[in-house]
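What follows is a single structure, written as structure tokens, with notes after it.
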Amino acid sequence: MKWILAAVLVLGLVAWLASRRGGGRRPSAEALRRRLQGLTHDPKVAERLVEAEMKRHPEMSEAEVLRRVIRRLESDRR
């Protein structure tokens with residue numbers, strides 16, 4: 001009985017630690033685009049920001065560009 005209790009406790013601890021790491025999944029490009037449009041409140045402005053960033057960094061994926069634009073907007077607003 002003690003072994004079962006110990007195993008349940010260890011599994012619970014492992015699950016708790018795994019959940020605190022952030023899950024490892026990043027938001028999709030579509031989710032990032034919705035977040036950006038929420039920050040700008042204007043889809044045209046959001047698209048211009050993304051286009052300008054893509055011109056500066058053509059090697060980046062769409063999701064990377066969106067993350068970069070969102071990070072810049074959030075830091076500018078501080």
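Here, each number is a calculation from the coordinates, and none is a lab measurement. Every value quoted in this text rests on a predicted model; they were computed, and no experiment measured them. In this analysis, Cβ positions are derived from the backbone assuming ideal geometry, glycine residues included, and neighbour counts consider all displayed protein chains.
In the stretch 50-78, which residues are of a type outside the set (D, E, K, R) and within 11 Å of ARG33 (Cβ to Cβ)? Correct list: VAL50, ALA63, VAL65, LEU66, VAL69, ILE70. Applying a threshold of 8 Å to beta carbon distances and a minimum spacing of six or more residues, or different chains, the list of pairs starting in the stretch 42-64 at a residue that is free of Cβ contacts under 8 Å to residues at least 24 places away in the same chain and ending at one that is of a type in the set (Ser, Thr, Tyr) reads ALA46/THR40.
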